[in-house]
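Okay, structure first, notes after.
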Amino acid sequence: MTITKKIITSASLLSSDLTDIANEVRRCENAGVDLIHFDVMDGRFVDQITYGAPVLKWVRKATTMPLDVHLMVQDPTKQIDYFAQAGADIITIHAESDCDIPRCLDNIRELGVKASLSLKPNTPAKAALDYIDKCDMILVMTVEPGYGGQSFMEDMMPKVTEIRRYADENGFPELDIQVDGGINPETAAKAIAAGANVLVAGTSLFKAKDMRELNNALKG
Ligand code: DX5
Ligand code: ZN
């Protein structure tokens, strides 16, 4: 599959040095990373608990980079407003969460934020395609959500291609498709070939000797 869309990178702060978050964000900016990915875990949808909107507010103060919020929470309904107020530019909710999905997606857009819907590995493309008109982006998880540093699931690539084909054939050429989990230069190339254009990377970017070089390598 040939994709002509611009490739966008998003740095997952989960793998950054959180004692030095403002500098870590600056490092991403200087390396040419496009977005900051903010993984919100509530200890229910996934086991871990990370951070919430009050922390995003501090990240917002540290940078003008667009903030890409990934809500791994059981019920995102109330959180949408908090994260929009805290300065999110993109908010992703999960198709498997306990909320009124179309209403939440509409609510995100009404707040002037880009709306995105995410699929866990066992969730079929249809769960997002049903709401494609309400989505600026669809996130195909390439690991089980919950932890950084896991291995890329290559068997998610047909799902990426299915979504890209459907979007192209049904009048949604602008749709962004994000992949998240285990992204490094090698797996990024596979995801781009399958039709993804937004790459989340945590471990590979923050552990790189040269973040700029790695970021360029992700873009291919
Ligand atoms: C996993 C998170 C990811 C993760 C990516 O639940 O959604 O954003 O932090 O980290 P790496 O790139 O290390 O797989
Ligand atoms: Zn994420």
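Read-outs: derived from the displayed coordinates by stated rules, not from any lab. Not measured: the values here are computed from a predicted model. Don't worry about glycine lacking a Cβ; one is built from the backbone with ideal geometry, like all the others, and counts go over all protein chains shown.
Where a ≥ b ≥ c are the square roots of the eigenvalues of the C-alpha gyration tensor, would you call the range 1-160 rounded, which needs a/c under 1.5, or, failing that, prolate if a/b is larger than b/c, or oblate?
Taking the square roots of the gyration eigenvalues as a ≥ b ≥ c, the range 1-160 is rounded.
Which of 133, 75, 39 has the fewest other C-beta atoms within 10 Å, and how do the rest follow up to the most?
With the sparsest Cβ surroundings first, the list reads 133, 75, 39.
In debye to the nearest 20, how big a dipole does the range 57-99 give about its Cα centre with +1 on each Lys and Arg Cβ and -1 on each Asp and Glu Cβ?
Charge dipole of the range 57-99: 340 debye, to the nearest 20.
Measure up 78/114; 114/219; 6/134; 114/190; 78/120; 126/207 against 28 Å on the Cα-Cα distance and list the ones that go over.
In this structure, 126/207 exceed 28 Å between Cα atoms.
List the GluC sites (Glu not before Pro) within the range 135-204 that fall in a DSSP loop (any state other than H, G, I, E or B) and whose Cβ has at most 15 other Cβ atoms within 10 Å.
For GluC sites (Glu not before Pro) across the range 135-204 that sit outside H, G, I, E and B with at most 15 neighbouring Cβ atoms in 10 Å, the list reads 174.
Working out 0.36 nm times the residue gap between residue 186 and residue 29, then minus their Cα-Cα distance, what length gain in nm do you get to one decimal?
Extending this stretch completely gives an extra 54.3 nm.
Based on other C-beta atoms within 10 Å, arrange 113, 40 from fewest to most.
113, 40
Where nothing but the Cβ of Lys and Arg (+1) and of Asp and Glu (-1) is charged, how large is the charge dipole of the range 144-220 around its Cα centre, in debye to the nearest 20?
With Lys and Arg at +1 and Asp and Glu at -1, about 280 debye.
For Cα pairs less than 8 Å apart in space and 6+ apart in sequence, what is the mean separation divided by the residue count of the range 1-113, i.e. the relative contact order in percent?
22
Rounded, prolate or oblate, given the Cα gyration tensor of the range 101-188, with a/c below 1.5 counting as rounded?
Verdict is prolate for the range 101-188.
Need one word for the range 1-91: rounded, prolate or oblate. Basis is the Cα gyration tensor (sqrt eigenvalues a ≥ b ≥ c); a/c below 1.5 gives rounded, then a/b vs b/c decides.
oblate
Among residues other than residue 120 whose Cβ falls under 9 Å from its Cβ, what is the net charge (Lys/Arg +1, Asp/Glu -1)?
-2
Quick one: putting +1 on the C-beta of Lys and Arg, -1 on the C-beta of Asp and Glu, what dipole do you get for the chain around its Cα centre, in Debye to the nearest 20?
Computed charge dipole of the chain: roughly 460 debye.
Which of 92, 19, 161 moves most in a GNM of the chain, Cα contacts under 10 Å?
Top of the fluctuation ranking is 19.
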